[in-house]
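Visitor: Handing you a structure now.
The values are calculated or read from the model by the stated rules, or taken from the named source; none is laboratory data. Keep in mind the model is a prediction, meaning the values are calculated, not measured. Glycine gets a Cβ as well: all are built from the backbone with ideal geometry, and neighbour counts include every protein chain shown. Just so you know, the surface numbers come from the protein's heavy atoms only, side chains and all, with ligands and any DNA or RNA stripped out. Shrake-Rupley method; radii C 1.70, N 1.55, O 1.52, S 1.80 Å.
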Amino acid sequence: MTLDERSAPMPLSEPETGEGGIVRLPPRAARKPSPRPRTSLPEAAPVFPFSAIVGQDEMKRALLIAAVDPSVGGVLALGDRGTGKSTAIRALAALLPPMKAVAGCPYSCDPAGSASACPHCAAGSPRHGRLVPIPVVDLPLGATEDRVVGALDLERALTAGIKAFEPGLLARANRGFLYIDEVNLLEDHLVDLLLDVAASGVNTVEREGLSLRHPARFVLVGSGNPEEGELRPQLLDRFGLAVEVTTPTDIPTRIEVVRRRDAFERDPGGFAAAQAGAEKALRRRITAARARLAEVTVPDASLEAAARLCLALGTDGLRGELTLIRAARALAALEGEESVGLAQIRGVAPSALRHRLRRNPLDEAGSTARVARAVAEVLA
Amino acid sequence: MSPPPEPEAGRAAWDRALRVATLLSADPHGCGGVRLRARPGPVRDAWLAALSAARASGRPVRRMPAGIADDRLLGGLDLPATLAAGRPVLQRGLLAEADGGLVIVPMAERLDGATAARLAACLDTGRVSVARDGLAARLPARIGLILLDEGDEDEAPPAALLERLAFRLDLDGVSLRDIVPDAAPRDANPARPAGTQSRSAAVTSHRPGHTTTWIESLCLTACAFGVASLRAPILALRIARLAAALDGESEPGEAHAVEAAELVLAPRATRLPEPQAGPADQPEPASADAPADRDGDGDRPIDDVVLAAVRAAIPPGLLALLAAGRVRSAKTGKSGAAAALARSGRPVGSRPGDPRRARLDLMATLRAAAPWQRLRMPREAGRIAIRTDDLRITRYRQRSESTTIFAVDASGSSAIERLAEAKGAVEALLAESYARRDRVALIAFRGAGADIVLPPTRSLVRAKRGLAGLPGGGGTPLAAGLDAALALALAIRRGGGSPLVVLLTDGRANVGRSGEPGRARAGEEALAAARAFREEGLAALLVDTASRPQEAARRLAEAMAARYLPLPQANAASLGAAVRAAAPAA
């Protein structure tokens, strides 16, 4: 567990591939008309390695689950300041194994998928697959709608008179992660827009004389401090998993956090190199879990346990139950199990359910305690 | 604020301030910055001047105007250049322009959460991401911040930002006399605060110690003083390393660790360590007399040295508060600061929209239209072609208004005259808030349940009508009254307001939630309901209306985290004054 990345030397020149998979666009003048330049694998960018994060097991587990099964539906990390929320999410970018995507497709389409999904692939250009990093796109604070949704490519419109669409952040996040730091400070109109796209997996653009749709399936990852303001309930519900992050209170853990941070700040490259083995092992575990995911079975007993748990907690709708099962299956895959047992359901229940409880003014216990109580009673 | 206690204290504070200036100039981004609490005046100016003098290396220093817009802070479209070039041209924002240097933020106590978050992101990543106006760029912005804080005692810059700054200085105790430069030149490690001077002179860096030891002692010290965030020991260690580097040493020594603890950890203390137990589980023979005994420190454990130094370095005002147990470790934030779509208030940016339903933002509209001008080829020269797509409307944020919710115990036990006094206080407050645009609501609980007698209103007429019809007598359904007040307060907060709950009761509940009488059960339910206020962090004030202060009411206030005010002789005027004192800073 760590903090900010303040002292890590930053690559300042463009084009850059910072923070693992986040691909930056080069200056416009240097860019060829359509294909999005990419580097094949994340460079050894000095981000704090995921495997070196001390503690915060629930947050790390939720992120790994989302990496194994994106259909879990996003991760929300809320909690104390200075607990390494942003660090963990940015570290994830460097950890993720690469994926296959159509070369030159700005939406990173899957070569094995349908060709009609996006405007680029539908145009009939050859669809060669190549390995690219899974995109982890940062939504910067103060981003405007046109950069999020995409807009008319001004440069090409002005110089060549071509009406071309310049994809935005949603296009870049397709098949990857969209990260919103300080999610509770996001502008309302952007929240509405993101909710709509996250729900449908499609970005519909109707602006500046453009009319098109492109795939935008991404895992929404948000982090924030509840003291900065409450999240709108609709947005809360959109996240599959919600984790609570607290400052560790035991001294040895705290010392270890400071020690690792110090070691990283003094020699980012060396620190990352020392962790390379652990990172590789974790990456392999994700890849293996993904391959195994479809084969993990969910016995009736586990389905029933999940249903009883949701009933006992009175969660709204079926979304909670579905997320609970999916997350438990991804966890089983990560742990190398062949079927989902009560242990996995118990493990993911707090993350999958705590943000779906109705506020109960009569119960002064926090939602985490309520889930824990229900788990103890129902899954005894 | 407080008068300068003694000349040495002022001089010591000034020396410390100069040392901070040196450290900050050496590595602005690594330090994060400083929160400088001081009234504008010659002392503050002298400190800023000292900073410029120390910063001979030509680092940029930029001043951020209050209420800066995103296009100037982060960067945006350069309007004239875009018009001239016929393609979008990026203008760097203030943060990128200050790369490698310092940004001065005046009136930081008024900084809103959104701007604070942008600054915090910049401190974290050392760069600024622009994704605006059809432009995308990531620019280096390794800045340090100087937050000029002129706030009163209950005002402070956003906690998210404070947390990332290494230093906190208070120059209010420093007088002009203290800042006259010494005849003797200051060395790189200037004189320490008076209390620790002798010790510091004795133990310079000839007890090297391993850096790991300093990490441990800084962590332990942070815990002992109730500093929860892990950023604090990380920053302290960074400062210790920086101080060592300035002294030309590769590893920090004891003097550096002690200084870092004094500068970084001491101002963040939320409690004093237990004198006997010492920090955590370390066996400490000399712990009990640590603060007093400064002579035999040659053999004392390192943790003690750091601990004693921090104790000595805690600002006197804070020390008094700590001793009284008055510092809350976590200040509840102003949630719901962002109000719904408003047409008045402070502009916070623009978005595409219909100017018939909101106010047109002319500059943003021109900026949106600018890149297209060549393409649109206006028929007449000198005229700008604007289309519907370009139109931008201004978004506003309203100052969140405060609503005082009176929850009045109208039962028989609370005596009818109390009710009359409460009515009088509500009316008096209402008249006052009419001028301040605050709102008032009234909940009465009696008999079997609670009623909202007066929904949040500013209307004098409605308030008077509602009050006139307020009945009294019957049992005390305290839990029901608290539930109703909580629900209303939360609804107000969701709507972007700041609620304050004023509960007038004697604390003697005798009707449960179900409406059935029973003193024990009703009391338990009331305490449970009260704890919900604490959990939600709602501002509350409990006025004990009994003729003699009641233990039950006091316990209730404690459960609510409310201010307790026994008011045997409550009258409208004193009640109004108490409410004004308890109101959350809006």
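Visitor: Counting protein heavy atoms only and a 1.4 angstrom probe, how many square angstrom of accessible surface do chains B and A bury in total, to the nearest 100?
Guide: Approximately 5800 Å², summed over both chains.
Visitor: Please report, in debye to the nearest 20, how large the charge dipole of segment B:444-524 is about its Cα centre when each Lys and Arg carries +1 at its beta carbon and each Asp and Glu carries -1 there.
Guide: For this selection, approximately 300 debye.
Visitor: Under 5 Å between amide hydrogens, which residues at least 5 positions from residue B:104 or on another chain qualify, with H placed 1.01 Å from N in the peptide plane?
Guide: B:62, B:63, B:64, B:146
Visitor: Here's something else I'd like to know. Please compute the average number of Cβ atoms from other chains found within 10 Å of each residue's Cβ in peptide A:257-264.
Guide: The shielding value for this peptide is 6.
Visitor: Mind checking B:480-486 for the average number of partner chain beta-carbons within 10 Å of each residue's beta-carbon?
Guide: On the way: counts 0, 0, 1, 2, 1, 0, 1.
Mean shielding count: 1.
Visitor: Using a 1.4 angstrom probe on the protein heavy atoms only, could you order A:261, B:374, B:35 from most to least accessible area?
Guide: From most accessible down to least: B:374, B:35, A:261.
Visitor: Next question, about the same structure. Could you work out the relative contact order of segment B:54-148? I mean the mean sequence separation of Cα pairs under 8 Å and 6+ apart, divided by the number of residues, in percent.
Guide: Computed value for segment B:54-148: 33 percent relative contact order.
Visitor: Rounded, prolate or oblate: which one fits segment A:300-378, using the alpha carbon gyration tensor with axes a ≥ b ≥ c (rounded when a/c is under 1.5, else prolate when a/b beats b/c, else oblate)?
Guide: In terms of gyration-tensor shape, prolate.
Visitor: Next question, about the same structure. Leaving out ligands, DNA and RNA but keeping every protein chain, what accessible area does residue B:52 have, in Å² rounded to the nearest 10, with a 1.4 Å probe?
Guide: 50 Å²
Visitor: Next question. In terms of modelled amide H atoms, which long-range or inter-chain residues lie less than 5 Å from the amide H of residue B:510?
Guide: Counting only residues 5 or more places away or on other chains, the set is B:476, B:478.
Visitor: Residues of B:28-38, mean number of Cβ from any other protein chain within 10 Å of their own Cβ, rounded to a whole number?
Guide: Whole-number average of other-chain Cβ neighbours for B:28-38 is 1.
Visitor: Classify segment B:7-177: rounded, prolate or oblate, from the alpha-carbon gyration tensor (a ≥ b ≥ c, eigenvalue square roots; a/c under 1.5 rounded; otherwise prolate if a/b is larger than b/c)? Kindly include the intermediate steps, with their values, before the conclusion.
Guide: On the way: a/c = 2.37, a/b = 1.98, b/c = 1.20.
Prolate shape, in that a/c is at least 1.5 and a/b is the bigger ratio.
Visitor: How would segment A:83-234 be classified by its alpha-carbon gyration tensor: rounded, prolate or oblate, with rounded meaning a/c under 1.5 and the a/b versus b/c comparison settling the rest?
Guide: oblate
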